[in-house]
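Worksheet: one structure, shown below.
The values are calculated or read from the model by the stated rules, or taken from the named source; none is laboratory data. Computed from a predicted model, the values in this text were never measured in an experiment. Every residue, glycine as well, gets a Cβ built from its backbone with ideal geometry; the counts of neighbours run over all protein chains shown.
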Amino acid sequence: MKPSKTKTLLLAGLVGLAAATIGSEQASAATVTVCPSGCAFSQIAPALAAASDGETISIAAGTYSGGFTVDVSVKLAGAGADQTIISGGGPVLTIGQIFAASEPTVSIDGVTITGGVTRSSPESTPFTGKDGVWAAGGGVEIPPNAGFSGGATVTITNSVITGNLVAPTATQPFGPPCPGGGNCPFAGAFGGGIDSWGTVYLANTTVSDNRVGSASGLSLLASDAEGAGIRSWLADLTISNSVVNGNQAAAAAPNGRFAGPGGIFFGGGTLTITNSSVASNSATLAAAFPSSVQLAAATGGIHIEGNAHVATISNSTISGNSATMTNSVGDATAFSAGLQADTGVVTLSNDVIADNSVTATALGSSTGNGGVGEIGGTLNNVRLTGNTVHVSSATGNATAAAGAIIFDGGTITNSLIGDNHSNASAPLGSVDARGGGIELFGPTTLRNATVGSNTVDASGISGSARGGGIVDIAFPFGTDGPPGGPLTLQNSSVTGNTLSGSTGVLRHGGGIFLQDEPITLTNSQISQNAPDQCFGC
């Protein structure tokens with residue numbers, strides 16, 4: 001389910017500065033030394049104040065105070081992430097100046113950035129009219145330039161960004177209408193590890209255990225908690241041989257309305273992820289709002305927004321991420337545990353999306369979908385396995401949909417979609433559980449692919465369980481809207497998928513469920529599914 005919240009910020013592009021020249025001919029850049037004793041400087045901030053563009057600041061082993069700004073084009077060279085620690089501040093490092101006419105080009109190597117606590121950002125007053133409403137960048141903050149066309153260009157290598165916190169201290173009434181009149185309070189927590197408006201390159205770097213919103217333990221004010229690991233607003237983000245893990249985005253009552261992603265939010269430009277892992281990140285919303293207020297826990301791992309130009313993920317793993325929502329008053333919606341892509345310009349190759357989970361629980365109606373996530377584009381040699389959707393409602397209805405949702409159609413080649421599970425439970429209401437393996441919303445072709453051992457289970461007074469392996473129905477979600485397919489299978493198999501349900505629940509399409517859409521089979525088989533092979537074929 002694609003979120004409809006209107007929180008789009010203006011934006012695109014970026015700038016950089018050239019390295020300095022010395023005198024009338026090119027010279028080697030100078031090196032400024034920092035160490036606990038015996039060097040020109042004992043702290044990084046005064047070394048930066050004395051530095052010029054193009055210089056290297058060599059930082060020896062030790063722990064140094066954070067909370068400074070890098071506004072010249074320099075290299076910060078540590079002695080290794082386990083030896084050079086930059087700690088404290090809020091953010092620990094700010095790179096560039098907000099609304100500057102030009103921004104620096106900075107590289108950082110061999111350091112740990114930790115202990116940042118950010119309660120407000122320079123963006124807060126310009127964006128919201130009040131200090132403390134907008135908090136971003138616990139570890140690294142890269143603010144926007146004057147034209148909102150980018151920010152600093154930053155390369156971070158062989159480093160660790162960990163244990164940083166972000167939470168706002170105030171609210172403004174910018175949200176949707178709330179019960180009792182007036183707008184719901186807004187307070188945003190963004191980018192626990194890195195918050196960036198500029199261009200970022202990460203290599204051999206770990207972004208871990210950063211927390212935003214109520215997950216920070218600092219307050220319960222946040223209505224929106226996004227990008228606990230990395231929040232990239234509009235420019236390019238490149239990640240290679242790196243790990244983004246254990247980051248937490250959470251929002252809770254009284255204000256909590258949106259949480260996620262836990263790992264990476266990418267808002268625009270080009271995203272490239274290679275040989276990397278995005279694992280064990282979480283988006284958690286514990287709400288107390290009625291069903292009239294829009295709410296969601298959206299994406300545990302990676303969210304690629306619709307403004308992204310191109311997104312390529314290769315030789316990487318997205319695993320063990322979770323999107324969880326509870327609501328003590330009204331409805332609950334959670335979706336896309338692994339990967340949420342709001343654009344069809346996504347290419348996945350040689351990737352694993354595994355063991356991610358969506359959970360939605362409420363007194364009212366509950367909806368959850370996309371244990372794998374929501375994807376549109378080209379998938380080659382991917383394994384989508386072991387992902388789950390669990391939805392329950394104490395007094396209302398429950399809908400659980402799909403291991404993977406394929407929006408806008410796509411091609412899945414040389415791939416396995418297996419052992420994914422969708423479960424809906426509503427002891428006093430109706431249930432709709434479907435698409436244990438994949439759900440289609442556009443023309444989709446599977447080539448040399450296997451959809452196997454996926455399950456759908458529905459328990460309620462009435463309802464349906466459909467498409468143990470594949471479901472292809474109208475969008476949005478079973479209405480009289482446009483159908484999803486057609487579906488084409490080439491040299492592929494749909495086998496060993498199952499539907500189960502309580503008495504009163506209809507079960508159709510153990511292997512495939514189609515709604516008024518053709519299926520084309522070439523050297524393919526639909527077999528050993530239960531209770532039937534293909535409904536609507």
### Message
Just to be sure I understand the filter: pairs with C-beta atoms under 6 Å, separated by 6 or more residues or on different chains, first member in the stretch 155-174 and free of Cβ contacts under 8 Å to residues at least 24 places away in the same chain, second member surrounded by fewer than 19 Cβ atoms within 10 Å (Cβ to Cβ) and part of a strand (DSSP E or B). Which pairs pass?
### Response
173/183
### Which listed residue, of 199, 206, is β-branched (Val, Ile, Thr), surrounded by 24 or more Cβ atoms within 10 Å (Cβ to Cβ) and either touching a residue at least 24 places away in the same chain (Cβ under 8 Å) or on the phi < 0 side of the Ramachandran plot (or both)
199
### Query
So, of the residues in the stretch 105-123 that are surrounded by fewer than 23 Cβ atoms within 10 Å (Cβ to Cβ) and not β-branched (Val, Ile, Thr), which turns out to be nearest to residue 145 (Cα to Cα)?
122
### Summary
Filtering the stretch 445-477 down to residues that are buried (at least 24 other Cβ atoms within 10 Å of the Cβ), β-branched (Val, Ile, Thr) and under 20 Å from residue 520 (Cβ atoms) yields 451, 470, 471, 473
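Table: residues versus (1) under 17 Å from residue 336 (Cβ atoms); (2) within 21 Å of the chain's Cα centre (by Cα); (3) in a strand (DSSP E or B); (4) not hydrophobic (A, V, I, L, M, F, W, C).
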residue: 379; (1), (2), (3), (4): yes, yes, yes, no
residue: 384; (1), (2), (3), (4): yes, yes, yes, no
residue: 408; (1), (2), (3), (4): yes, yes, yes, yes
residue: 430; (1), (2), (3), (4): no, no, yes, yes
residue: 440; (1), (2), (3), (4): yes, no, yes, no
### Query
What is the number of the single condition among (1) of a type outside the set (D, E, K, R); (2) over 16 Å from the mean Cα position of the chain (by Cα); (3) surrounded by fewer than 23 Cβ atoms within 10 Å (Cβ to Cβ) that residue 393 does not meet?
(3)
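Just to be sure before I move on: is residue 300 in a loop (DSSP other than H, G, I, E, B) and buried (at least 24 other Cβ atoms within 10 Å of the Cβ) in the structure I sent?
For residue 300, the condition - in a loop (DSSP other than H, G, I, E, B) and buried (at least 24 other Cβ atoms within 10 Å of the Cβ) - is met.
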### Task
Identify all residues within the stretch 345-400 that are farther than 24 Å from residue 273 by Cα and in contact with a Lys or Arg (Cβ under 8 Å, 6 or more places away or on another chain); write none if there are none.
400
### Message
As an exercise: evaluate residue 212 against (1) closer than 19 Å to residue 279 by Cβ; (2) surrounded by fewer than 24 Cβ atoms within 10 Å (Cβ to Cβ); (3) not charged (D, E, K, R) and give the number of the one condition it does not meet.
### Response
(2)
### Query
Can you spot a residue in the stretch 282-290 that is closer than 23 Å to residue 209 by Cα, assigned to a loop (DSSP other than H, G, I, E, B) and not hydroxyl-bearing (Ser, Thr, Tyr)?
no
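Select from the stretch 489-537 the residues that are assigned to a strand (DSSP E or B) and within 19 Å of residue 425 (Cα to Cα) and list them in ascending order. Break it down stepwise before answering.
Here is the first cut: in the stretch 489-537, the residues assigned to a strand (DSSP E or B) are 489-490, 493-495, 498-501, 505-508, 512-514, 519-522, 525-527, 530, 534-535.
Selection gives 498, 499, 500, 501, 505, 506, 507, 508.
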### Message
Quick check on the stretch 377-385. Is at least one of its residues modelled with pLDDT under 95 and closer than 18 Å to residue 264 by Cα?
### Response
no
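Just to check your reading of the model, which residue among 88, 96, 147, 78 is closer than 23 Å to residue 191 by Cβ and at pLDDT below 95?
Working: 88 fails: at pLDDT below 95; 96 fails: at pLDDT below 95; 78 fails: at pLDDT below 95.
Of the residues listed, the single one that is closer than 23 Å to residue 191 by Cβ and at pLDDT below 95 is 147.
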### Query
Quick check: is even one residue across the stretch 347-355 in a strand (DSSP E or B), touching a residue at least 40 places away in the same chain (Cβ under 8 Å) and of a type outside the set (A, V, I, L, M)?
no
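Pick from 163, 150, 138: which is within 24 Å of residue 250 (Cβ to Cβ) and surrounded by 24 or more Cβ atoms within 10 Å (Cβ to Cβ)? Don't jump to the end; show me each part of the working.
Details: 163 fails: surrounded by 24 or more Cβ atoms within 10 Å (Cβ to Cβ); 150 fails: within 24 Å of residue 250 (Cβ to Cβ).
Among 163, 150, 138, only 138 is within 24 Å of residue 250 (Cβ to Cβ) and surrounded by 24 or more Cβ atoms within 10 Å (Cβ to Cβ).
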